[in-house]
Amino acid sequence: MSAELDANAWSSSASEGSAMGKEGMAALVQVLRRRGFTVVGPTVRDGAIVLAELESADELPYGWGVELEAGRYRLRERTDGAAFANAAGPQSWKQFLHPAKLRQWRADRVGEEMVFSDEAPSIPRYAFLGVRPCDARAIAIQDRVLTGGIHRDSGYLGRRAGALLVAIECTEPGGTCFCVSMGAGPAAAPGCDLVMTEVVDDEGHRFWIRGASPEGDEILAELPVRPADPVTCTAARASVAAAADRMGRAMPETDLRELMGGTLDAPRWDDVAGRCLTCGNCTMVCPTCFCTTTEDVTDLSGDHAERWRLWDSCFDLDFSLVHGDPVRTSPRSRYRQWMTHKLGTWYDQFGSSGCVGCGRCIVWCPVGIDITEEAAALHDWTRSDTSGEAP
């Protein structure tokens, strides 16, 4: 809860900032492109709101919202024309900063020798437009994982160093969102370059925008903005505060790290294992899961070889392969590993939870397993186990 309060305090105490209309959003995209950024933001494609390169603000999902439930995602039309009144889609910014597939080196036979060459791909300078607070928190967590220790990912570091973050505060949480429980929203926290809040009311469609870094201030100075009026600021803050009270899900109010460590033998793990397909969808859509594997490939002639780094999942049977046999052979052990790491032992490694409450793992689970429901069931079990009462 302290992280949530800090985030809201920062948002409320920030400068009153500026206001701009839809023409300001169009100008923002063009200013970023002129500055050499590859602008990436939400757009509608193939029945979902996805993240893709934008050439203009017209590609933003104006007038589209989403309906989210466990194992269910649907677009729905909105009547207010809002661009960002939709919860997290199937993708996160992880796919740009920590790509799912990355070639590490290649080798070619030259005469009697194999000549190796490291991959040194050009790194685009990304501007991420519309980063939700939960995803901004996820980026901060991946920063700690991939650049905070002695084994740093130089590729991630390069991509992250050039990235500019334009945050959008959440005013329309989805049915599977629980960022408040994880201290990750709905208000923006420090770490972004620009922060926006979308307001659509009787006064019109506009954005409250504030600079949050020196570069963000420079960009803001190039936009067609006006000083933010009290009505816009009040409406924006009220919308964000109301969003905090409309979360579709919540984690149990307990120490999740302690809960995970104390329930390793709970019968609930057998229950969830009977439903889990171990497909790994939850780890693929999670904005903080970072595990990778390597794959070596060669052509039939043996004259060319490559090594690729690929996303991996702890739900894969071979993930824990040691000396020919996997350590975690059952769905029970693999689901338990994922959830206890995400909510518990992540603290031991990185000093925080690995969950930001975006709800993607719930939505994109084909059988609708709900991490908040599982945590609540484990919490109920601990209470019944100590009190003797039926769960």
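The values are calculated or read from the model by the stated rules, or taken from the named source; none is laboratory data. Not measured: the values here are computed from a predicted model. Quick reminder, even Gly has a Cβ in these numbers, built from the backbone with ideal geometry, and neighbours come from all protein chains shown. Keep in mind that these areas ignore ligands, DNA and RNA; they rest on the heavy atoms of the full protein, side chains included. Shrake-Rupley method; radii C 1.70, N 1.55, O 1.52, S 1.80 Å.
Do we find that Asp299 is at pLDDT below 95 and open to solvent by 20 Å² or more (accessible area, probe 1.4 Å) in this structure?
Considered against the rule, which asks whether it is at pLDDT below 95 and open to solvent by 20 Å² or more (accessible area, probe 1.4 Å), Asp299 comes out as yes.
Looking for whichever is under 30 Å from Gly302 (Cβ atoms) and aliphatic (A, V, I, L, M) here; the options are Ala82, Ala88, Ala107. Which one fits?
Every option except Ala107 fails the conditions.
Which is surrounded by 14 or more Cβ atoms within 10 Å (Cβ to Cβ), within 22 Å of Pro366 (Cα to Cα) and aromatic (Phe, Trp, Tyr), of Tyr62, Tyr73?
The unique qualifying residue is Tyr73.
Which pairs have Cβ atoms under 6 Å, sit 6 or more apart or on different chains, and link a residue in the range 359-371 that is crowded, with 24+ Cβ neighbours inside 10 Å and of a type in the set (A, V, I, L, M) to one that is at pLDDT 95 or above and in a loop (DSSP other than H, G, I, E, B)?
Ile362/Ala70; Ile362/Thr176; Ile362/Asp370; Val363/Thr176
Residue pairs, Cβ under 9 Å, 6 or more apart or interchain, first in the range 79-101 and within 26 Å of Glu23 (Cβ to Cβ), second in a loop (DSSP other than H, G, I, E, B) and acidic (Asp, Glu). List them.
Matching pairs, first to second residue: Ala82/Glu172; Phe84/Glu169; Phe84/Glu172; Ala85/Glu172; Asn86/Glu172.
Scan Ala184, Ala167 and give me the residue that is open to solvent by less than 10 Å² (accessible area, probe 1.4 Å), touching a residue at least 12 places away in the same chain (Cβ under 8 Å), within 18 Å of Ile371 (Cα to Cα) and in contact with a Cys (Cβ under 7 Å, 6 or more places away or on another chain).
When all the criteria are applied, what remains is Ala184.
Name the residue, out of Arg328, Arg383, that is in contact with a Lys or Arg (Cβ under 8 Å, 6 or more places away or on another chain), open to solvent by 30 Å² or more (accessible area, probe 1.4 Å), within 23 Å of Leu256 (Cβ to Cβ) and of a type in the set (Lys, Arg).
Arg328
Within the range 217-252, work out how many residues are assigned to a loop (DSSP other than H, G, I, E, B), without any contact (Cβ under 8 Å) to a residue 40 or more places away in the chain and farther than 21 Å from Asn86 by Cα.
Number satisfying all stated conditions: 0.
Just to be sure I understand, how many residues within the range 91-104 are over 30 Å from Gly302 (Cβ atoms) and part of a loop (DSSP other than H, G, I, E, B)?
4
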